[in-house]
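Report on one structure; see the data block that follows.
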Amino acid sequence: MEDLSKTMQKLMSQQHLNDNYRQLMAKVYDDPEVNKFYQANKDELAEDVMTRSAAKLYEFVSEREKLAKGGETFATGYAPQLIVSNHLIDVAYVPTADTLEKQAQQQLRQRVKSIAMPKSIREATLANFDQDTDRAEALMAALDFVDAYEANPKRRHQALYLAGSFGVGKTYLLAAVANQLATDGFSTTLVHFPSFAVEMKNAIAQNGVAEKLDALKKSPVLMIDDIGADAMSAWVRDDVLGVILEYRMQEELPTFFSSNFSMAQLEKEHLRISTRGDDEPLKAQRLMQRIRFLAREITMVGVNRRPQ
């Protein structure tokens, strides 16, 4: 290998340079990465490249050392990299491993859109879901859905209606499915429906109903959590939930549900009686037809796993 350092020392000795500059540049020209890059690309480089690119070479070595020591660098989260540009040597900045990891995590969070859901859902995973006998059916059904959906996301996939008492893991399982889909590149929306119903009522004054409805209607995968937890007005039932379910049934978009009610209880004890006390069995039946089309019911049992 040609001794680049000796060549550069000769060039510097021929020029009127101060001692500090000589010392700085001698360190640069002795740098193994600089020498390796020069040898690999010298056929593309100008004859006087080391002189004309001196500032860039010093920037590369200096910024790399700052990064190694954990100091403040020119581009936080990015590492310097030598490149060839117009037959000279230039410096580009590429994301560090930590930056790439942070970007990957941010992309995951962006694929799981949550509305009025607890922060803890971000940590939910299928691997950490308790695989006891009482909940094995729900877990296997969730795994089957993930496999089938990822194999062919454009075909119709019936999702799950998870019924069960408080704390048996319904919300956790929905979030775990959403996070797994996000890891594999698919987007999901999780919504706590009672809280969303309040948001929709508040949106009327701001003319924001249509936008909020569209966000749920058109989500590739929608998870409606805790349906039936609060009394539902006729407007929320018919013009919010009904519109969402109608669209998703027509478009055959996967839609999950969780509830403390079974499907039969949801129809008879919740959907058919409005907050005004009106008994409307036909409207409840119509909604349940859409829910049954979109999801199959699985009952989850077991002890309450929520912190007491």
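All of the numbers you see were taken from the coordinates with simple rules; none came from a lab. Everything numeric here is computed off the predicted structure, so don't read it as measured data. All Cβ positions, even for glycine, are placed from backbone atoms using ideal geometry, and neighbour counts span all protein chains on display.
Counting only residues at least eight positions apart within a chain, or on another chain, the lysines with an alpha carbon under 25 Å from that of Lys154 are Lys113, Lys212, Lys217, Lys218.
Each Cα pair under 8 Å and six or more residues apart adds its sequence gap; the mean of these over the residue count of the chain is a relative contact order of 17 percent. Counted residue by residue at 0.36 nm each, then reduced by the alpha carbon distance between them, the extension gain from Glu59 to Asp230 reaches 55.3 nm. Charge tally around Gln206: other residues with Cβ under 14 Å, Lys/Arg +1 each, Asp/Glu -1 each, net 0. For the chain, the longest piece that avoids every one of the chymotrypsin sites (Phe, Trp or Tyr not before Pro) found in DSSP loops with at most 14 other C-beta atoms within 10 Å covers 167-308. Here the Karplus curve 6.51 cos²θ - 1.76 cosθ + 1.60, taken at θ = phi - 60°, turns the phi angles of segment 55-64 into couplings of 5, 5, 5, 5, 4, 4, 5, 5, 5, 5 Hz, with x standing for Gly and Pro.
When you restrict to C-alpha pairs under 8 Å that are six or more residues apart and normalise by the size of segment 57-206, the relative contact order lands at 25 percent. The stretch between Ala215 and Asp30 holds 60.8 nm of extra length on full extension. This uses 0.36 nm per residue minus the Cα-Cα distance. Proximity of backbone amide H atoms, modeled 1.01 Å from N, is registered between Ser114 and Leu190 at under 5 Å, excluding neighbours fewer than 5 places apart on the same chain. The distance between label points at Gln81 and Val243 comes to 4.8 nm (points 7 Å beyond Cα on the Cα→Cβ vector). In this Cβ point-charge picture (+1 for Lys and Arg, -1 for Asp and Glu), the chain has a dipole of about 640 debye about its Cα centre. Once you've got the GNM for the chain with C-alpha springs shorter than 10 Å, pick whichever of Ala40, Ala284, Ala136 has the biggest mean-square fluctuation. The residue with the greatest mean-square fluctuation here is Ala40.
Anyone know which of Gln285, Gln250, Gln23 comes out most mobile in the 10 Å Cα GNM of the chain? Its mean-square fluctuation being the largest, the pick is Gln23. Taking amide H atoms as placed 1.01 Å from N in the peptide plane, the amide H of Glu297 lies under 5 Å from those of Tyr161, each 5 or more residues away in sequence or on another chain. Between the labelled values (1) 99, 48, 40; (2) 59, 45, 35; (3) 47, 45, 34, the entry that holds Cα extents along the principal axes in Å as derived from this structure is (1). What the Cβ-Cβ distance of Glu297 and Arg156 gives, at R0 = 22 Å and to the nearest 0.05, is a FRET efficiency of 0.80.
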